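To start, the structure under review is shown below, and the notes come after it.
No value in this document is a laboratory result; all are computed from the given coordinates. Because the structure is predicted, anything quoted here is derived from the model rather than measured. All Cβ positions, even for glycine, are placed from backbone atoms using ideal geometry, and neighbour counts span all protein chains on display.
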């Protein structure tokens with residue numbers, strides 16, 4: 001959204017944030033998470049398109065925190081691990097370590113098409129494979145890159161809000 005578009009939106013609606021998206025049905029993976037989730041993100045080798053959209057999902061416009069999702073710096077504090085990109089050879093063990101460091105119950109969210117099937121990086125020299133070959137994936141958010149609203153909707157499915 002451009003600065004002019006944002007200014008017009010504020011004038012017409014009186015708010016910056018997007019309207020709340022439709023509430024998602026709670027996902028079975030969310031059992032035991034208690035209505036809010038702490039999210040740790042790992043870039044396993046992406047082009048950074050998905051990271052930009054994750055950043056936007058937590059920005060004031062989409063505001064994933066209002067639905068109980070919060071980014072944390074340590075996997076030891078996380079309930080949810082979001083992973084982007086195909087897993088590169090150098091990221092296989094670090095990704096497993098982050099996953100093992102998370103307390104139970106833990107949920108892994110593969111963000112973007114590359115996390116699901118390596119996308120355009122399939123067969124690349126340094127690509128070990130999709131996220132599901134390294135850690136168990138519970139939720140996949142499709143798209144290249146997925147829109148922030150789709151990321152927020154998936155997180156709402158985990159928080160149940």
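Considering region 100-117 alone, what residues qualify as being touching a strand residue (DSSP E or B) at 6+ places or on another chain (Cβ under 6 Å) and closer than 14 Å to residue 43 by Cα?
Across region 100-117, the qualifying residues are 108, 109, 110, 111, 112, 115, 116.
Provide a single number: the residues in region 144-160 that are touching a residue at least 12 places away in the same chain (Cβ under 8 Å) and not in a loop (DSSP other than H, G, I, E, B).
Residues meeting the conditions: 11.
If I ask for residues that are without any contact (Cβ under 8 Å) to a residue 60 or more places away in the chain, surrounded by 17 or more Cβ atoms within 10 Å (Cβ to Cβ) and in contact with a helix residue (DSSP H, G or I) (Cβ under 8 Å, 6 or more places away or on another chain), which ones from region 85-108 would you list?
85, 86, 87, 95, 98, 99, 106, 108
Can you pull out the residues in region 54-70 that are within 18 Å of residue 146 (Cα to Cα), touching a strand residue (DSSP E or B) at 6+ places or on another chain (Cβ under 8 Å) and surrounded by fewer than 20 Cβ atoms within 10 Å (Cβ to Cβ)?
The answer is none; no residue qualifies.
How many of the residues in region 44-62 are out of contact with any helix residue (DSSP H, G or I) (no Cβ under 8 Å at 6 or more places or on another chain) and in a loop (DSSP other than H, G, I, E, B)?
2
Let's see how each residue does on (1) in contact with a strand residue (DSSP E or B) (Cβ under 6 Å, 6 or more places away or on another chain); (2) assigned to a loop (DSSP other than H, G, I, E, B); (3) farther than 17 Å from residue 155 by Cα:
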{"position": "42", "(1), (2), (3)": "yes, no, no"}
{"position": "94", "(1), (2), (3)": "no, no, yes"}
{"position": "120", "(1), (2), (3)": "no, no, yes"}
{"position": "137", "(1), (2), (3)": "yes, yes, no"}
